[in-house]
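Structure first, commentary second.
Just so it is clear, none of the values below were taken in a lab; they were calculated from the coordinates. Keep in mind the model is a prediction, meaning the values are calculated, not measured. In this analysis, Cβ positions are derived from the backbone assuming ideal geometry, glycine residues included, and neighbour counts consider all displayed protein chains.
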Amino acid sequence: MGNILIVAEMQNGSIRESSYELASFAQKIADPSQVRSLVIGESVTEEANAFSTKGGGEVTVVDNAAVSNYSAEAYRQAILAVIQETNASTILLSNTPSGWDVAPRLAAALDAAFIPDCFDIDQVDEKLVFLRRVFNGKLDARVEAVADIVVATMQPGATAPYEGTTTGTVSSLEVSFNEQKSRFLETKVAESKGVDLSKAEIIVSGGRGVGDPEKFPETIQPLADALGGAMGASRPVVDAGWLPHEYQVGSSGQIVTPKLYVACGISGAIQHLVGMKGSNFIIAINKDGDAPIFEIADLGVVGDLFEVVPALTDAVKSAKS
Amino acid sequence: MKILVCLKQVPHQDARLDIKSDGSWIQEDSIKFEINSYDTYALEEALRIKDEKEAEVVVASIGPDRTTQALRTALGMGADRAVHVNDDSVEGSDALAIAKILAAIGNEESPDLVFTGLMADDGNFASVGPMVAELLEMPHATAVMSASLEGEKLIAERELEGGALEVVELQLPCLLAVQTGINQVRYASLKGIMAAKKKPLDTRSAADLGVQELVGTGAAKIKVQKIYVPPKTQGAEILEGSATDVAEGLVAKIKELGLL
């Protein structure tokens with residue numbers, strides 16, 4: 001197996017934790033001497049130095065104002081230059097909004113194998129096998145590359161960040177950036193409106209299984225009220241326009257850590273789990289016994305939420321009176 | 001203005017997922033198919049541009065005979081023309097090969113805009129959009145939650161973590177891989193469905209697009225060894241019984257947690 005290149009990602013002036021997770025994967029599957037990293041951004045040299053001693057190995061830095069903000073074209077150019085320089089045959093990125101944006105372009109540019117959003121890498125007979133999920137989290141898949149070069153992205157949080165020490169040098173690569181057909185304008189931070197779910201102690205969330213916008217005030221809200229908690233929703237509910245975005249729990253909504261999370265008619269796609277897996281206690285109600293949510297729930301009911309939720313609401317009210 | 005919209009027909013969201021005996025994929029023979037949810041949002045976004053200015057919306061899809069249905073649905077919603085790549089030799093293609101086929105169509109069509117969904121509900125690879133952009137040498141944006149045209153430029157808002165948005169400006173021609181929820185998808189009207197029957201739907205092969213060497217199992221750079229039901233670790237304790245029994249059990253637990 002040839003060299004591995006980790007494409008590290010900066011966030012708010014530091015290298016993100018997910019990049020240290022890539023280091024864990026790289027150090028697991030390769031000899032330390034084969035691990036290379038790229039740190040790209042503006043004023044990133046200090047972070048790059050730290051990364052080289054904490055799993056990054058031999059680090060190449062592309063430090064340039066042109067890459068102070070993410071840009072697919074600029075990142076693509078820099079990463080391709082470093083892939084060539086390091087002779088990498090395995091390229092790892094995190095499956096973040098930047099990672100999933102540029103990684104497929106890299107694979108197409110290199111005519112390489114592309115295996116995204118993986119949660120593990122196994123080594124079987126000198127070959128790398130990537131584990132990922134399909135059908136929105138319902139099934140797992142083992143995928144291998146059948147090409148000389150493979151670009152893979154790893155799910156943030158799939159493994160622990162690297163905690164060892166490595167030795168490596170840090171060198172700089174000058175990239176003369178081509179004229180671009182795209183440019184970064186600004187980042188808009190999400191406005192906080194309505195209930196701050198990240199502070200709620202009890203959350204009752206409804207998903208696609210609720211079926212109908214009226215059923216939220218009719219069935220889900222009453223349970224939330226009875227428990228003295230807040231109502232939340234999964235992404236499909238917000239996409240359908242049944243509830244506004246401030247109710248969304250998940251990777252592109254709010255991350256919540258309540259004492260109790262009740263998931264009603266929610267299948268448990270990864271993007272939602274990311275938002276609520278930190279809950280202290282999870283109850284799931286879903287008519288599909290195979291729904292992925294039952295894997296992380298503590299207590300579950302396989303049944304019709306339109307029978308269970310009203311019964312639970314009544315039982316809670318009785319218990320409180 | 002010409003907009004090319006790439007669609008994929010995927011197993012219906014609630015379809016039973018029975019794995020084939022060789023573990024290579026799911027059994028597709030007796031399940032219902034639908035247009036990939038992300039792609040319906042891509043099509044709707046194109047149709048909204050067409051509602052406001054003169055535009056030709058061309059939909060393209062790669063798949064077997066059943067894919068014609070998906071394309072007729074798209075035409076019924078308002079697309080003008082469809083291209084169906086119906087070719088057994090494409091079977092076993094990876095995302096890059098699919099992108100090469102779509103790029104070949106893109107090179108023929110020379111669209112001003114290419115819209116795809118961010119990912120497909122079956123494979124979840126989220127690759128074809130950016131790969132097509134790379135092959136067509138266009139700028140692109142993924143996870144797009146809003147798009148507005150300003151002359152020869154497009155301003156797109158990309159979804160970041162936590163609901164934040166990254167605003168980017170792309171020169172035309174460009175490609176957008178849209179996120180669900182970017183708009184509200186229209187239904188095909190009865191009038192639209194009737195009109196769809198007469199709209200052009202061309203059937204193509206990999207060979208006449210010049211990509212026959214680049215597609216199919218032989219050209220694929222990845223191999224799915226097997227798919228399987230995720231091994232259950234501990235999982236939830238499941239309460240059984242009537243709704244009232246179950247409610248009692250849940251209340252008892254909630255009390256135990258000190259939350260009642």
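Brief remarks on what is shown
- Segment B:97-190 shape via C-alpha gyration tensor axes, a/c threshold 1.5: rounded
- FRET E, pair residue B:171, residue A:85, Förster distance 30 Å, beta-carbon r, rounded to 0.05: 0.55
- Neighbouring partner chain Cβ atoms per residue of B:130-140, average, 10 Å criterion: 5
- Förster radius 45 Å - calculated FRET efficiency between residue B:212 and residue A:193, Cβ distance, rounded to 0.05: 0.25
- Relative contact order of chain A, pairs being alpha-carbon contacts under 8 Å that are 6 or more residues apart, as %: 15 percent
- In this simple spin-label approximation, residue B:237 and residue A:280 carry label points 7 Å from Cα along the Cα→Cβ vector, and these lie 1.7 nm apart.
- For a modelled paramagnetic label at residue A:45, 7 Å from Cα along Cα-to-Cβ, the residues of segment A:165-199 in reach, with backbone nitrogen under 20 Å, are A:168-177.
- ³J(HN,Hα) computed for each position of segment B:42-55 - Karplus, 6.51 cos²θ - 1.76 cosθ + 1.60, integer Hz, glycine/proline x: 5, 5, 4, 4, 5, 5, 5, 5, 5, 5, 9, 9, 5, 8
- With the simple model of a label 7 Å out from the Cα in the direction of the Cβ, residue B:20 to residue A:31 spans 3.9 nm.
- Restricting the calculation to Cα atoms, segment A:256-321 shows an Rg/Rh of 0.99 when the hydrodynamic-style radius is the Kirkwood one.
- For segment A:197-320: relative contact order, % (alpha-carbon pairs under 8 angstrom, 6 or more apart): 25 percent
- Nearest-20 debye value, chain B charge dipole, Cβ charges on Lys, Arg, Asp, Glu: 500 debye
- If you bin all the Cα-Cα distances of segment A:3-172 at 10 Å, starting from zero, the percentages per bin are 11, 44, 37, 8, 0.
- Remark: segment B:72-86, residue by residue, has Karplus-estimated 3J(HN,Hα) of 5, 4, 4, 5, x, 6, x, 5, 8, 8, 10, 10, 10, 8, 10 Hz, where x stands for each Gly or Pro and the curve is 6.51 cos²θ - 1.76 cosθ + 1.60 at θ = phi - 60°.
- Across chain B, the convex hull enclosing all Cα atoms gives 192 Å³ per residue.
- Here the Karplus relation 6.51 cos²θ - 1.76 cosθ + 1.60, evaluated at θ = phi - 60°, turns the backbone of segment B:166-178 into coupling constants of 9, 9, 10, 10, 10, 7, 7, x, 9, 10, 10, 9, 8 Hz, with x for every Gly and Pro.
- Kirkwood Rh, Cα atoms: Rg over Rh of the protein assembly as shown: 0.97
- Kirkwood-based shape ratio for chain A, expressed as Rg/Rh from alpha carbons: 1.05
- Using only Cα coordinates, the Kirkwood hydrodynamic radius of segment A:101-185 works out to 15.9 Å.
- For A:51, A:119, A:216, order by how many other beta-carbon atoms lie within 10 Å, fewest first: A:119, A:216, A:51
- Using just its DSSP H runs of length 4 or more, each adding -39500 (n - 2.57), chain A gives a mean residue ellipticity at 222 nm of -7500 deg cm²/dmol after division by all residues.
- Normalising the average separation of contacting C-alpha pairs (under 8 angstrom, six or more residues apart) by the number of residues puts the relative contact order of segment B:114-231 at 22 percent.
- DSSP finds beta bridges in chain A, and of those with both partners inside it, around 25 percent are antiparallel.
- Other residues with beta-carbon under 11 Å from the beta-carbon of residue B:153 carry, at +1 per Lys or Arg and -1 per Asp or Glu, a net charge of -1.
- Total formal charge among the other residues, if their Cβ is under 9 angstrom from that of residue A:292, Lys/Arg +1 and Asp/Glu -1: 0
- Here r is the Cβ-Cβ distance between residue A:240 and residue B:223 and R0 is 25 Å; the resulting FRET efficiency, rounded to 0.05, is 0.10.
- Note on A:1, B:119: ascending count of other Cβ atoms within 10 Å places them as A:1, B:119, the fewest first.
- Separation of the alpha carbons by more than 18 angstrom is noted, of B:100/B:221; A:193/A:215; A:199/A:287; A:54/A:277, for A:193/A:215; A:199/A:287; A:54/A:277.
- When only alpha carbons are used to place a centre, segment B:1-24 and segment A:62-125 end up 26 Å from one another.
- Mean ellipticity per residue at 222 nm, deg cm²/dmol - from DSSP H runs of n ≥ 4 across chain B, formula -39500 (n - 2.57): -8500 deg cm²/dmol
- Annotated for segment B:1-78: lysine pairs at least 8 residues apart or interchain, Cα distance under 22 Å, count 6.
- Separation of alpha-carbon centers, segment A:15-52 and segment A:233-298, rounded to whole Å: 32 Å
- Of B:155, B:49, B:254, A:6, the sequence from fewest to most neighbouring Cβ atoms within 10 angstrom is B:155, B:49, B:254, A:6.
- Geometric descriptor of segment B:125-254, per residue, is 294 Å³ (volume of the convex hull of the Cα atoms).
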